[in-house]
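Worksheet: the structure to be examined is printed underneath.
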């Protein structure tokens with residue numbers, strides 16, 4: 001009887017830790033972490049996934065926890081693991097929004113912002129457009145399935161209570177954060193280049209024909225060229241996003257190994 005109670009207590013602790021890791025992931029992961037998803041739905045989905053993950057762990061699987069302080073430390077570790085995994089994937093969408101903001105600045109939309117329903121923050125028009133298109137691509141490429149698969153694999157790669165914030169983990173996180181700017185430039189490169197040439201051409205016209213009001217002519221021309229090139233580059237955007245998403249999954253697994 002005592003053995004049964006001990007086993008039940010150990011499995012309950014394992015369930016709570018798994019639930020914390022899943023909850024941390026759902027706080028920041030794309031799609032799952034959206035503010036459009038009701039909180040009760042997130043809680044219920046987290047509990048359901050945790051219930052599905054716990055039986056996959058060995059029967060004798062237990063976490064060495066000593067007292068309330070040890071439990072609090074273990075919960076904090078699992079929350080960080082979930083946050084790291086979700087944040088690593090969300091960085092790709094941050095890069096896409098940054099690319100849109102760069103394009104908006106060159107188009108003259110720098111002060112035109114909309115409210116992002118996902119984060120409730122102000123974002124640029126093209127940035128929000130690219131973000132929504134990237135979300136559709138993410139779902140079409142089964143990105144939400146890959147997130148859940150990475151979550152399941154994390155139980156083996158980063159055991160419960162086994163988080164190790166090593167130098168390698170911090171270097172990988174900082175490297176992924178630095179790649180945001182490179183990815184943003186790569187995604188927005190065609191529009192950035194064309195808009196730069198358009199602005200340069202308008203500057204040359206202003207020098208050659210001072211009678212032309214460049215501000216009146218240039219603003220609608222820049223907007224028209226920007227919208228046209230953004231529309232024409234959607235096929236390029238889909239190709240780049242697919243490749244970047246593949247690199248993101250690779251980086252997520254490298255990060256999880258660094259956290260062990």
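The values are calculated or read from the model by the stated rules, or taken from the named source; none is laboratory data. Computed from a prediction, not measured in an experiment: that's the story for all the values here. No Cβ is skipped: glycine too gets one built from the backbone with ideal geometry, and neighbour counts run over all protein chains shown.
Could you say whether any residue in the range 171-178 is at pLDDT below 85, in a helix (DSSP H, G or I) and farther than 19 Å from residue 82 by Cα? Yes, there is a match, as at least one residue in the range 171-178 is at pLDDT below 85, in a helix (DSSP H, G or I) and farther than 19 Å from residue 82 by Cα. Flag not set for residue 232, criterion: out of contact with any helix residue (DSSP H, G or I) (no Cβ under 9 Å at 6 or more places or on another chain) and free of Cβ contacts under 8 Å to residues at least 60 places away in the same chain.
Once the range 40-89 is narrowed to residues that are modelled with pLDDT of 85 or more and farther than 16 Å from residue 21 by Cβ, the residue that is surrounded by the fewest Cβ atoms within 10 Å (Cβ to Cβ) is 40. Taking the range 117-150 as the range and being buried (at least 18 other Cβ atoms within 10 Å of the Cβ), modelled with pLDDT under 75 and not in a strand (DSSP E or B) as the test, only 118 passes.
Taking residue 217 as the residue in question, decide whether it is surrounded by fewer than 16 Cβ atoms within 10 Å (Cβ to Cβ), over 30 Å from residue 172 (Cβ atoms), in contact with a helix residue (DSSP H, G or I) (Cβ under 8 Å, 6 or more places away or on another chain) and without any contact (Cβ under 8 Å) to a residue 24 or more places away in the chain. Against the criterion (surrounded by fewer than 16 Cβ atoms within 10 Å (Cβ to Cβ), over 30 Å from residue 172 (Cβ atoms), in contact with a helix residue (DSSP H, G or I) (Cβ under 8 Å, 6 or more places away or on another chain) and without any contact (Cβ under 8 Å) to a residue 24 or more places away in the chain), residue 217 qualifies. Determine which single condition residue 189 fails, assuming it passes every other condition in (1) farther than 20 Å from residue 219 by Cα; (2) surrounded by 14 or more Cβ atoms within 10 Å (Cβ to Cβ); (3) in contact (Cβ under 8 Å) with a residue 24 or more places away in the chain. Result: residue 189 fails condition (3) only. Hey, any hits in the range 187-209 for a residue that's over 27 Å from residue 35 (Cα atoms), at pLDDT below 80 and not in a helix (DSSP H, G or I)? Among the residues of the range 187-209, at least one is over 27 Å from residue 35 (Cα atoms), at pLDDT below 80 and not in a helix (DSSP H, G or I), which makes the answer yes.
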